[in-house]
Every structure is written in C-alpha cells, then in structure tokens.
Amino acid sequence: DRDVTGVQTCALPISFLPELSDRWPLAPMLLVLSFLPACIAILMGQLSVLLLLLYCAAFVCLRRGRNFLAGLFLSFALMKFQVALPVAALFLLWRQWRFLAGFLTGSAILTAISIRIVGLAAFLPYLHSLYAMTHTVTADRAIQLHFGILPEQMPNLYGLGFILTRGAAWSHLLILLVSAALFLWTALQRPSLPLALCTAMLVSYHLFYYDLTLILLPITLLFDHLLRPSPGPSTTHSSANPRDLRLLITQISLGTLLLAPFTRILIAENETFLLALPILGLVLCSSWWPSLHGPPESSPVGESVTDS
C-alpha cells in the first residue's frame, strides 16, 4: 500500500483502496455516498459518520504501526461504547498492549471529564439505568418504545435472536451464548480491526440501521481486496471446495449490504434485523481479515505476540 499524508488520516484514504481507485478514481467516494445507512445517519444528524472517521483513523494508525495512537482514537469512539468496548476487549485478548494502553489512557481521561461535568452522583445512576434498560426489555411494545430499544430495527445478534424467538423469556440467554461463541471465535483469529468492528457490531446490545455506517470500513476494504488479481492459478476446480464456498458467501454478503434498494425495503418493512445475517456471513466466511489489518503481524490467542 502506498503511504498516506497527514491530511488523510482522518478518513479512509484512497491509497488503501487501490483496486477501486485504479478502476475509477471516484469509485471509493461514490461507494461511501451511495451506502444508504450513511445517508440516513447524515439526514438524521447521528454521530455514526464521526464514529466512522474515528475507526478509519485508528485503522490508518495501525497500518502505520502507531498502535498507541490507534487505541487513543478508539477511546474517542466510546460515544457508542457498546461497539467500542468489544473491539477493545478483542485487542486485549489478542495481546495488543500498546493499542490497549492508548485506549485505556483516552478512556481514563474521558471518564474523568464526564464525572467532572455531571458529578459522581449522576454518573453512577446512569450506569444502573443502562443495566435496567437492557434487563427489563420484553416483547411488550410499550416497554420497547419507553426505552427506545426496538429489536426489529437492530441489525445485530440481539435483534435477530429477539425477533426469531418472539421475545421469549429464554431469548436473552440464547443471545448471550451465541454472542459469546462468536466473540470467542473472533478472539481465536489473528488480529484485525475490520474483523473486530464487525464482531463488535453483532454482539452489541444496541444498534440501529444508521449505525451500519461503521461497517463501511470493513466492507470497502474487503471489496477492494476481492478485486485484486489472484496470485496464481487455482489448483482445484472442485465445486465443493470450502474456499470457493466461503468466497461465494462473502460476495453475496457484500452485495446484500451494498444493495440500497434491498436495505430500503427492510427499513420500510421494519425488518432491518435481517441485515445481521450478511454481517455474520462476512465474519465467519471471510479469510482475508488479517491481511487488511497491517503491521505488526501478531499471533492468535495462546501464542507469543510482539506488539510494535
């Protein structure tokens, strides 16, 4: 990858999307502007676009070996801590210590500022309200509207599991077990911020369709990677090749997420929880995530890791 300038570190640089930009210089920009959740986030005045810039900045820092600064950028993304905290937890399990040091430093500063502004007397009840909000949500529509948690609009495992089980009392336990299994599976992979972000979005307890703006970072990188020419001829033509099946699922998942009319229909029908399926397909079937992470290369959990 080509080097990037300091001006480009606040967003996903075109130099990280060489295949798209080589085919058409405007392709990366139009891909972002045509992504429906991002357009909705802008129209609604949501913070998702700002959060996307922070995750892109963290990604650029990781590619340039500035892990502490990358973790610092992630701490700023604690505005939606339900996504940022799982990402940080994965980097902890991946033993990326400098990244974690930057995240903890920024988190401590932001927490201290928050407590200084609102006071400890208001900060602790806020933490209690978060637990009460997620613990008491049931299939009762009035309760869902009261807390602003609408599972059918959540493209994550919480929304998918809650709707498929029709809000059964045991659905929370099932969602917890599935989320833990997916989180553990990701932790056993090689470090990758795009992969961590996809997993964090799936296991988060609160995510609306405009928050899918964040997935622009993983899918644009993955889309560009799949456009690269194959390093050599395929050694097998078997239709049962697992790699070919994973590639097919990855392509279908990318196409589903990038197809604006399909997303528009799901939003109109109040069924955006189904978008969790293509994201899950990307997490489980894409084997290219480590190559999108950048130096330093690290080992999975359980092996010696050197973080530069």
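From the alpha carbon centroid of segment 147-203 to that of segment 66-107 is 20 Å. The residues of segment 45-99 expose on average 37 square angstrom of accessible surface per residue, using a 1.4 Å probe on protein heavy atoms.
Ligands, DNA and RNA excluded, the heavy atoms of Val118 present near 80 Å² of accessible surface to a 1.4 Å solvent probe.
The values are calculated or read from the model by the stated rules, or taken from the named source; none is laboratory data. Everything numeric in this text was worked out from a predicted model, so none of it was measured. With ligands, DNA and RNA removed, areas are computed over all heavy atoms of the protein, side chains included. Shrake-Rupley method; radii C 1.70, N 1.55, O 1.52, S 1.80 Å.
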